Amino acid sequence: GPAIRLRAVTKTYRNGVPALGPIDLAVGRGEFVSLLGPSGCGKSTALRLIAGLAEPSSGRIEMASQAQRGHSIGFVFQEPTLMPWTSVRGNVGLPLKLAHAPSAEIARRVDAALARVELSDFAEAYPRELSGGMKMRASLARALVTDPDILLMDEPFAALDEITRFRLNDDLLALWRELGKTVLFVTHSVFESVYLAQRVVVMSPRPGRIAADFRIDAPEPRN
Ligand code: ADP
Ligand code: ADP
């Protein structure tokens with residue numbers, strides 16, 4: 001089955017705003033899907049529901065057996081949510097520490113994750129010492145450190161300058177090709193959605209619905 005399946009999922013917030021749906025969506029294992037649409041069309045809501053950070057008002061969300069909701073999922077937010085009181089190493093290792101992993105394993109996995117995002121030289125730095133792009137790399141390393149099957153990214157590069165953003169796009173693509181994870185990438189950039197993904201799902205607002213869903217035939221092999 002698919003990595004993620006939404007069946008007639010809706011979300012109406014407590015204030016009565018119908019934010020989403022009904023939405024039907026299946027994301028295959030290892031697929032890189034962009035979720036594209038204007039601000040307020042429900043992209044973040046969809047991602048939060050999939051991550052298990054919020055409950056749908058109706059409908060069902062099914063995940064592949066390996067990835068129970070809330071587990072085996074890495075989440076990267078637009079704002080780097082790094083803890084200011086600990087180093088890059090401490091931040092990236094936090095999910096493992098919370099899961100009571102042995103410290104030797106934490107050290108090994110953190111080193112590997114930092115190497116993947118080219119941040120090894122900044123392991124002992126504090127978040128305030130990092131540029132915006134580096135903070136995002138650290139957030140990505142933290143999302144990858146548990147080796148999740150699914151990576152959910154909510155406009156991760158929106159606040160970065162264009163050059164940093166291009167570099168991160170390329171690095172993310174290289175990571176995806178190497179690691180083969182299922183990626184759901186929320187963006188309101190048409191360029192970014194098409195550049196990154198094999199498949200673009202376009203959403204329309206009030207309430208958020210899927211307006212288009214198309215595959216992109218890449219000119220070069222993507223796997
Ligand atoms: P983005 O468009 O970048 O996803 P938003 O500004 O829509 O960000 O949302 C930022 C945060 O504010 C989210 O955590 C969201 O849940 C919350 N939020 C957005 N709109 C409302 C609203 N109308 N009422 C309460 N909270 C909201
Ligand atoms: P997007 O990520 O596409 O910008 P969101 O999922 O953040 O869209 O928001 C979809 C709709 O739901 C918007 O109308 C937003 O104001 C509303 N919304 C988002 N979060 C909340 C919340 N926590 N409480 C109430 N309304 C919200």
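What follows is calculated from the coordinates using simple rules that are stated; it is not laboratory data. This one's a predicted model, so the numbers in the text were calculated from it and none came from an experiment. When we count neighbours, we look across all protein chains shown, and the Cβ atoms used for this are built from the backbone with ideal geometry, even at glycine.
Mean-square fluctuation check for the chain, GNM, Cα pairs under 10 Å: which of Leu144, Leu96, Leu152 is largest?
Leu96
Using mean Cβ contacts within 10 Å as the protection proxy, how do 154-162, 14-22 order, highest first?
So the peptides 154-162, 14-22, ranked by packing, come out 154-162, 14-22.
Can you return the lysines within cross-link range of Lys11? Criterion is Cα-Cα under 30 Å, with same-chain partners fewer than 8 residues away left out.
Lys43, Lys181
Which aspartates and glutamates does Lys97 reach when only Cα atoms under 15 Å apart count, and residues fewer than 8 places away in its own chain are ignored?
Reachable aspartates and glutamates: Glu105, Asp111, Asp147.
In Å and from the alpha-carbon atoms only, list the Rg and Dmax of the chain.
Answer for the chain, Rg first and Dmax second: 17.2, 49 Å.
If packing is taken as the mean number of other Cβ atoms within 10 Å per residue, what is the order of 182-188, 125-131, highest first?
Those peptides, ordered most packed to least, come out 182-188, 125-131.
Give me the distance between the Cα centres of segment 19-33 and segment 133-170, rounded to whole Å.
One Cα centre to the other: 20 Å.
Once R0 is set to 22 Å, what does the formula 1/(1 + (r/R0)^6) return for the Cβ-Cβ distance between Ala158 and Ser120, expressed as a FRET efficiency to the nearest 0.05?
After rounding to 0.05, the efficiency reads 0.25.
Which percent, to the nearest 5, of DSSP beta bridges fully inside the chain are antiparallel?
Rounded to the nearest five, the antiparallel share is 45 percent.
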